Structure formats: C-alpha cells, structure tokens
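Worksheet: one structure, shown below.
The values are calculated or read from the model by the stated rules, or taken from the named source; none is laboratory data. These numbers come from a predicted model, not from an experiment. Cβ atoms come from the backbone with ideal geometry, glycine included; neighbour counts cover every protein chain shown.
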Amino acid sequence: MKKVMAFAALAALASAPALAADGAKLYAEKTCNACHGPEGKKPLMPNYPKLAGQNSAYMEQQMKDIKSGARNNGQTAAMKGVMHLVDDAEMKAIADYLSKLKP
C-alpha cells in the first residue's frame, strides 16, 4: 500500500512540473526581465509596471487576461506578443516569485 501511495505522489508531481517551477528562472527564460527589469523593479519604459512586491493573484490574473485578450489596450501590446510562451502554471510560478520580492 505504501508503494502505491508513493507512486501516486510521484505521478502527481510528474504531471504538474510547473507547480514546482522556479519562478525566478521562468521570469528570465520567458523574457519578462527584458521589459520589467532583472528583479521587476526597473522597467524598460516608464509606463511599464514595477512588478516586485505586487499581489500574486492580481499579477497572475492580469497575465491570463492579456493572454486571452480579455485585457486589451495600448499597454498590453508588448505582453500579448510573449504570453503565448507562458502556460497557466508558469504564470502562477512567476507571479508567486515576483510577489515575494521587495519593491
């Protein structure tokens, strides 16, 4: 029985690799740092948001809305071009990482 439970736990982890994803690594790999700065504190353009310390759930929802088109304005054009690179679990990992940074 213990072997079955251990296998089930391993299978669950394997099926959701992004849950354990390193948000800092994803932030760099998905090119977020190019526009928002290496630690989300110094955006490339003055109208781009500083992300460090923001609410995780808020950032995750903004990314989802930009990707789906629910949020679509002049400020979303740059993000729209890269959001196809990021899946939902990765969005969560990135948002969680950024929320823990000091602003």
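Things to note:
- Residues in region 56-73 that are surrounded by 12 or more Cβ atoms within 10 Å (Cβ to Cβ) and farther than 18 Å from ALA89 by Cβ: ARG71, ASN72.
- Residue pairs whose Cβ atoms lie under 9 Å apart, separated by 6 or more positions or on different chains, with the first residue in region 63-81 and touching a residue at least 12 places away in the same chain (Cβ under 8 Å) and the second surrounded by 11 or more Cβ atoms within 10 Å (Cβ to Cβ) and among the β-branched types (Val, Ile, Thr), are MET63/VAL86; MET63/ILE94; ILE66/THR76; LYS67/VAL86; MET79/ILE66; LYS80/ILE66.
- The residues of region 31-47 that are touching a residue at least 24 places away in the same chain (Cβ under 8 Å) and surrounded by 13 or more Cβ atoms within 10 Å (Cβ to Cβ), listed by number, are THR31, CYS32, CYS35, GLU39, GLY40, LYS41.
- Residue check for ALA28: under 15 Å from the mean Cα position of the chain (by Cα), of a type in the set (Gly, Ala, Ser), modelled with pLDDT of 95 or more and surrounded by 12 or more Cβ atoms within 10 Å (Cβ to Cβ): yes
- Within region 55-103, restricting attention to residues that are of a type in the set (S, T, N, Q) and outside any helix (DSSP H, G or I), the residue that is nearest to PRO38 (Cα to Cα) is ASN55.
- Among the residues of region 61-103, those identified as in contact with a Cys (Cβ under 9 Å, 6 or more places away or on another chain) and closer than 18 Å to PRO43 by Cα are ALA78, MET79, VAL82, ILE94, LEU98.
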